[in-house]
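Here, each number is a calculation from the coordinates, and none is a lab measurement. Everything numeric here is computed off the predicted structure, so don't read it as measured data. Cβ coordinates were reconstructed from backbone atoms using ideal geometry, including for glycine residues, and neighbour counts include every protein chain displayed.
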């Protein structure tokens, strides 16, 4: 099997623009064409209010491939991505969670995984009904192995808007032979007149 040979750039100090790529016979690393794989089973998902919960069983296989180890010494096994049923333009996947382990690098890793996401994280008031798309991406140091999963769910039923009803006006009807009492007439009290004040007549 051939191995990768790195190149070195020769910088000519006499002619600064004449940089030449030089290949040496030094072997720097082995080529590892192996890749991480994985599978899922028992996938379930449900919506309760504005929260969506999903769970599944996973099996991650290293296959003697390079693993993705972070600076905090974590080995990322897989990431979970989701897409709403009404968003299909340009496949707008959104990362909702990540699974990692610590310690020595295993050859295989299995277990169960459960996570939740809220509608606010997707910028919507509530999750709509329809066919949801999920993608579990098993992570390796050089490649990613995606596993797709679809699940149909029903969103919360909206509360019906109350309809206003008009109260009928009660009309008074007189029975035959009955007499309607006349409306009483208001009597205006006459205005009082002032008695003229007597004036003194000089003698």
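Brief remarks follow.
- In plain terms, the residue of 109, 39, 154 with the fewest other Cβ atoms within 10 Å comes first and the most crowded comes last, giving 154, 39, 109.
- Beyond 15 Å, the tail of the calculated P(r) for the range 45-95 holds 67 percent of the Cα pairs.
- For the range 37-153: relative contact order, % (alpha-carbon pairs under 8 angstrom, 6 or more apart): 33
- Computed E for residue 129/residue 94 - FRET, C-beta separation, R0 30 angstrom, nearest 0.05: 0.95
- Estimated translational diffusion coefficient (Stokes-Einstein, Kirkwood radius over Cα pairs, 10 °C, 1.306 mPa s) of the range 37-153: 105 µm² per second.
- Label-to-label distance, nm, for residues given as residue 150 and residue 105 (7 Å Cα→Cβ offset): 3.7
- Taking 0.36 nm per residue of sequence separation and removing the Cα-Cα distance, the residue 87/residue 44 pair yields an extension gain of 13.4 nm.
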